[in-house]
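Scroll down for the structure; my scribbles are underneath it.
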Amino acid sequence: MKSIFSVSAIIIVLVFGGLSASAQNPDFPWPEGKKMAISLSFDDARGSNPDPGATLLNEYGVKATFYVVPASMESDIEGWKMVVETGHEIGNHSLYHPCSGNFAWSRDRALEDYTIARMRKELSDTNDEVERLLGVRPEVFAYPCGLSFVGKGEETQSYVPLISEMFLSGRGWLDEAPVDPYYADMAQLTGMKMDNMSFEEILPIIEAASENRQWLVLAGHENGTEGNQTTYLSMLRKLSEYANDPANGIWIAPVGTVAKYVKEKRTAMEGNLNIPGISKPAANGNIYLTSEKGRGIGPDIQYMPEWNAFGWFMAKDRVEWDMNLPKKGSYEVWMEWSVSDEEAGKPFLLTSGDQTIKGVIKPSGSWETFQKIKIGELTLDEDFNRIVVASGQEFDKGALMDLKALTLVPAKK
Ligand SMILES: [Zn+2]
């Protein structure tokens with residue numbers, strides 16, 4: 001029995017482990033009870049974007065984001081002014097569209113030959129140029145060719161940090177998953193292809209994103225009825241009708257509008273969301289392993305936002321915390337928990353690598369009263385460490401405890 005259970009536990013972790021971030025949180029609060037967000041985006045300032053592209057979207061009141069290369073707009077400034085005046089967003093898609101030199105057309109401006117400083121100057125010049133031509137300054141960016149590096153070999157650098165500093169958001173290209181509004185890095189929004197696809201081909205992607213309460217950022221180029229890198233007008237008509245039908249629960253808005261909304265909601269919910277992730281020492285040297293950062297794994301365990309704690313902690317459940325440390329060191333381990341008198345007294349195990357702290361859950365007074373005590377000491381390695389808290393015995397009824405946080409305090413020498 002025992003070996004069979006542990007095999008199934010491993011499968012559960014493999015299959016569902018990745019879902020714990022969203023499974024422990026309420027559905028993302030999209031406006032007016034909507035189920036998901038869609039942003040339509042078009043790259044390069046193609047000639048077909050103002051008309052028929054924006055013209056068609058205007059029939060439906062749908063606002064999109066156009067990521068432009070300024071020089072490509074100069075032959076149709078009036079058309080692009082219409083795009084701005086009718087409420088669409090203009091984003092930055094760089095001055096010269098640099099991509100990998102593997103594209104022969106980009107060899108004279110290959111990302112392999114770029115530096116961060118050159119990229120910074122050109123992106124700033126792009127913003128100035130868009131403002132000069134259209135009177136608006138881009139707040140959002142899309143990576144040309146979806147590539148986010150500069151340099152070559154050991155000198156390669158990511159320019160995601162630059163985008164994070166300069167823009168509200170950065171969008172990729174040919175990505176395979178929608179944006180998770182709780183988790184996503186705004187500087188690395190995924191962009192899923194809508195060029196050369198029928199509405200019937202895109203609908204399952206929309207339905208899956210709706211199911212998961214996600215943000216689907218679609219990316220395309222030309223607007224027309226045929227041709228390479230073309231988002232079909234027939235698809236845009238059907239998608240606009242579908243998005244405008246209140247029964248489908250879709251919020252369709254430009255990337256910058258949705259990005260601002262997501263950031264506001266995340267800030268408002270800070271401290272009440274379970275987003276498992278890496279913890280690092282605070283300025284005072286302590287490492288605060290809060291329940292917001294912990295990963296609850298098992299059949300019963302639940303993150304309880306009203307208590308900022310893991311509850312329903314049973315024998316087969318565990319909580320994991322990951323951390324990165326600048327150097328090896330010894331730490332006192334303080335645990336903050338609550339338990340009713342009748343459930344108190346069960347053993348627990350805290351493990352980190354081959355070290356174990358064993359203890360017994362002492363009464364805290366009640367489920368509503370949290371206590372904090374030192375439970376032992378650990379030596380942690382430089383860089384990555386994982387701490388796991390679990391029950392020290394099997395039990396059928398009751399619960400182990402409600403676990404709020406661990407605090408690791410540098411041990412006095
Ligand atoms: Zn492009």
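Annotations
- Criterion applied to Glu332, Glu336, Glu306 was being farther than 14 Å from Ala390 by Cα, out of contact with any Gly (no Cβ under 9 Å at 6 or more places or on another chain), at pLDDT 95 or above and acidic (Asp, Glu), and the one residue passing it is Glu336.
- Positions within region 333-373 being assigned to a strand (DSSP E or B) and of a type in the set (Phe, Trp, Tyr), in sequence order: Trp334, Trp337, Phe348
- So Arg266, is it of a type outside the set (Asp, Glu), touching a helix residue (DSSP H, G or I) at 6+ places or on another chain (Cβ under 9 Å) and away from the ligand (no atom under 16 Å from the Cβ): no
- Given (1) in a loop (DSSP other than H, G, I, E, B); (2) away from the ligand (no atom under 16 Å from the Cβ); (3) not assigned by TED's automatic domain parsing to the domain that holds Leu378, index of the condition Asn228 fails: (2)
- Looking across region 130-144 at every residue that is within 16 Å of the ligand (Cβ to nearest atom), not hydroxyl-bearing (Ser, Thr, Tyr) and not in a helix (DSSP H, G or I), the one that is nearest to Val83 (Cα to Cα) is identified as Pro138.
- Evaluating Tyr67 against the criteria (1) within 16 Å of the ligand (Cβ to nearest atom); (2) of a type in the set (Ser, Thr, Tyr); (3) in a helix (DSSP H, G or I); (4) within 24 Å of Pro52 (Cα to Cα) leaves one unmet condition, (3).
- Qualifying residue in region 145-160 (condition: in a helix (DSSP H, G or I), within 16 Å of the ligand (Cβ to nearest atom) and closer than 23 Å to Asn102 by Cα): yes
- Scanning region 70-89 for residues that are under 18 Å from Ala259 (Cβ atoms) and either within 13 Å of the ligand (Cβ to nearest atom) or of a type outside the set (D, E, K, R) (or both) turns up Gly87, His88.
- Residue within region 90-99 that is among the aromatic types (Phe, Trp, Tyr), at pLDDT 95 or above and within 14 Å of the ligand (Cβ to nearest atom) present: yes
- Comparison of Leu233, Leu289 shows that the only residue that is among the hydrophobic types (A, V, I, L, M, F, W, C), touching a residue at least 60 places away in the same chain (Cβ under 8 Å) and in the same structural domain as Glu336 (by TED's automatic domain parsing) is Leu289.
Yes/no matrix, rows are residues, columns are (1) part of a helix (DSSP H, G or I); (2) in contact with a strand residue (DSSP E or B) (Cβ under 9 Å, 6 or more places away or on another chain); (3) surrounded by fewer than 20 Cβ atoms within 10 Å (Cβ to Cβ); (4) of a type in the set (Val, Ile, Thr):
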| site | (1), (2), (3), (4) |
| --- | --- |
| Lys63 | no, yes, yes, no |
| Asn102 | no, no, yes, no |
| Arg120 | yes, no, yes, no |
| Asp128 | yes, no, yes, no |
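- Qualifying residue in region 105-114 (condition: within 23 Å of Pro50 (Cβ to Cβ) and not in a helix (DSSP H, G or I)): no
- Residue satisfying condition, being modelled with pLDDT under 95 and of a type outside the set (D, E, K, R), within set Gly256, Gly271, Gly249: Gly271
- Among the residues of region 249-274, those identified as in contact with a Lys or Arg (Cβ under 7 Å, 6 or more places away or on another chain) and among the hydrophobic types (A, V, I, L, M, F, W, C) are Ile250, Trp251, Ala253, Val255.
- Boolean, Phe348 is surrounded by 15 or more Cβ atoms within 10 Å (Cβ to Cβ) and at pLDDT below 95: no
The values are calculated or read from the model by the stated rules, or taken from the named source; none is laboratory data. Since this is a predicted model, take the numbers as computed values, not measurements. Every residue, glycine as well, gets a Cβ built from its backbone with ideal geometry; the counts of neighbours run over all protein chains shown.
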